[in-house]
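These notes concern the structure reproduced below.
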Amino acid sequence: MNFKAALVLATILSTMSIAQSAELIYKGAAPKIAAVKEMTVDKDMPSYGREEISYYLRAEAGVRTVSEAINLKTQGLQYVRDVYDFEYLTSCPFPNPSEAYKAAVGDFIVRFVGNYVYSAYDFNMLRVLESRVPTVNQAMAVKSTGLKVRMQISDYLQLIPPSVGNPSDAYVKAISNFTAQNISAVLDYYSQIYLIVEAEKFTTTVGDAMMVKNAGLVSVHNRQELFQLAAYSVPNPSAAYQQAVNNFIRDNLNRYPY
């Protein structure tokens, strides 16, 4: 072990709180990570402190308590320059992490990830980080970090999907609400209608779905586009959803004379 690694092991800071929640973001005992482009950093990319971070991860692999592990990650923040460095720092340097460790790392990610998300180009890595937290509350806090950057509807569609392949019902419901509550911030006169309908596909309730359609009116300029926006976003719509869409068309048809 070289001097840097030995020094890291010798400097342990105070403990951090561990997040607790009964709702996991995935079904079953372990998450299946959804397909995400650029999930890992190219080894040929410039270091940006990755060598220094590696010393902290190496030291973390040798500690015995969650608090020691999180304190080492906290110290490693001084070398983080972007979301790629942060993803590397929050990786687990040993096999079979405990639930307490995963919860604490989730807490750590939620607390600091907002410092390293600069644009929609960071969303792929943000989803990797979201897949690393175990609870719905943590996952939605990570996802919400993306809202601070300037984006279009096409970028929003990269932000909203579940980050794991077997999402729990609670997680899917939270994403539905997130999609409906925040879509108006990314829409404007020029937003493409079919992308708004694509976003609606991530909703699970009639109320959320119609909130997306109503927000999409800002991008409608004629009756043809109104009917495009009113298209069903699911293959087997419920009677309640069909009625809501009919009401939506009726209430807005007179706004567009042609």
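The values are calculated or read from the model by the stated rules, or taken from the named source; none is laboratory data. Treat the numbers as computed from the prediction; the structure is a model and nothing was measured. Cβ coordinates were reconstructed from backbone atoms using ideal geometry, including for glycine residues, and neighbour counts include every protein chain displayed. To get the accessible areas, we keep the full protein, side chains included, count just its heavy atoms, and leave off ligands, DNA and RNA. Shrake-Rupley method; radii C 1.70, N 1.55, O 1.52, S 1.80 Å.
For the range 128-141, state whether one or more residues are among the charged types (D, E, K, R), open to solvent by 10 Å² or more (accessible area, probe 1.4 Å), in contact (Cβ under 8 Å) with a residue 24 or more places away in the chain and within 18 Å of Val186 (Cβ to Cβ).
no
Pairs, please: C-beta under 9 Å, at least 6 apart or cross-chain, first residue within 15 Å of Ala100 (Cβ to Cβ) and in the range 54-80, second of a type in the set (Lys, Arg) and at pLDDT 95 or above?
Close Cβ pairs satisfying both conditions: Glu60/Lys73.
Among all residue pairs at least 6 apart or on different chains, which show Cβ distances below 8 Å where the first residue, located in the range 81-97, is charged (D, E, K, R) and the second is at pLDDT 95 or above and open to solvent by 40 Å² or more (accessible area, probe 1.4 Å)?
If the second residue must be at pLDDT 95 or above and open to solvent by 40 Å² or more (accessible area, probe 1.4 Å), the pairs left are Asp82/Tyr118; Asp85/Tyr79.
Say whether the condition of being under 30 Å from Tyr26 (Cβ atoms) and buried (at least 18 other Cβ atoms within 10 Å of the Cβ) is met by at least one residue in the range 214-224.
Yes, the range 214-224 contains at least one residue that is under 30 Å from Tyr26 (Cβ atoms) and buried (at least 18 other Cβ atoms within 10 Å of the Cβ).
Regarding Phe202, is this residue at pLDDT 95 or above, under 17 Å from Asn177 (Cβ atoms) and aromatic (Phe, Trp, Tyr)?
yes
I'd like the residue in the range 55-83 that is part of a loop (DSSP other than H, G, I, E, B), in contact with a Leu (Cβ under 9 Å, 6 or more places away or on another chain) and of a type in the set (A, V, I, L, M) and, out of all such residues, is surrounded by the most Cβ atoms within 10 Å (Cβ to Cβ).
Out of the qualifying residues, it is Val80.
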